[in-house]
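The values are calculated or read from the model by the stated rules, or taken from the named source; none is laboratory data. Given the structure is predicted, the values throughout are model-derived calculations rather than measurements. For neighbour counting, all protein chains shown are included, and Cβ atoms are generated from backbone atoms with ideal geometry for every residue, glycine included. Note: accessible area is taken over every heavy atom of the protein model, side chains too, but ligands, DNA and RNA are not part of it. Shrake-Rupley method; radii C 1.70, N 1.55, O 1.52, S 1.80 Å.
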Amino acid sequence: MEKDRIKQAYLDFVLNEGHPPQSVFKLTQQLGLSESEFYQSYPNFEAIDREIWADFGRQARETAAAEPVWEGYGSREKLLAFYYTLLEILKSNRSYALMSLRRSLHRIPALSPRVLDDFRQDFEYFVSDLLSAGRVTGEIANRPLVQDGYPRFFWQQALFVLGYFAKDDTVNFERTDAAVEKAVTLSFDLVGRNTIDSAVDFVRFLVRK
């Protein structure tokens, strides 16, 4: 497919030159395509970057879910499996991933770079499904007033993981692996049943009396 050829040629150019092509014309000239053929597939180079990151996320979800143990996992374990699989994919594409993240991540961590727009949308859908399943099993506390905001909360966690990966200079990104485990543990401690939920249940019991 021409679209796949364009995406691979763009990726090769970025890896070889350290930056995107100066123009669509320069890329299509290498491929023997017209500019109009490029625009039939992508509106600009930024769209290719967004698709590459969406590909990383989709591949991580599909690979993790294909493991035989996946169905036996709870929501916490599934999110951990996703992150660890994603990190392996990013390590396999580390030159592009690090270059892209360091170029795109804002100094203010709460802001999402546009290159992650499609990745973010897919991630939040994925997390929403995990949390819904977790509420059914009791792993996640049912908190109607705040739980709609959980996907955005977990997206900030994903940004933290990606930012940590981009700055990690340990062998094989070992500190990022540890950061993932601690971040996921903390987040599920917060959204799971805890002392606050027990106190609310007790107050409701007293009020009903």
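Numbers for the structure displayed
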read-out	value
Whichever residue in segment 131-173 is at pLDDT 90 or above and of a type in the set (Lys, Arg) and, among such residues, is most open to solvent (accessible area, probe 1.4 Å)	Lys167
Residue within segment 33-50 that is of a type outside the set (D, E, K, R), under 30 Å from Ser132 (Cα atoms), within 18 Å of the chain's Cα centre (by Cα) and surrounded by 14 or more Cβ atoms within 10 Å (Cβ to Cβ) present	no
Contacts under 6 angstrom Cβ, first residue in segment 149-170 being free of Cβ contacts under 8 Å to residues at least 12 places away in the same chain, partner among the basic types (Lys, Arg) and assigned to a helix (DSSP H, G or I), 6 or more apart	Asp168/Arg175
Condition met for Arg5 (of a type in the set (D, E, K, R) and within 22 Å of the chain's Cα centre (by Cα))	no
Residue in segment 174-188 that is closer than 22 Å to Ala47 by Cα and either open to solvent by 60 Å² or more (accessible area, probe 1.4 Å) or in contact with a Cys (Cβ under 9 Å, 6 or more places away or on another chain) (or both) present	no
Residues of segment 51-77 satisfying the condition of being open to solvent by 80 Å² or more (accessible area, probe 1.4 Å) and touching a residue at least 60 places away in the same chain (Cβ under 8 Å)	Arg58
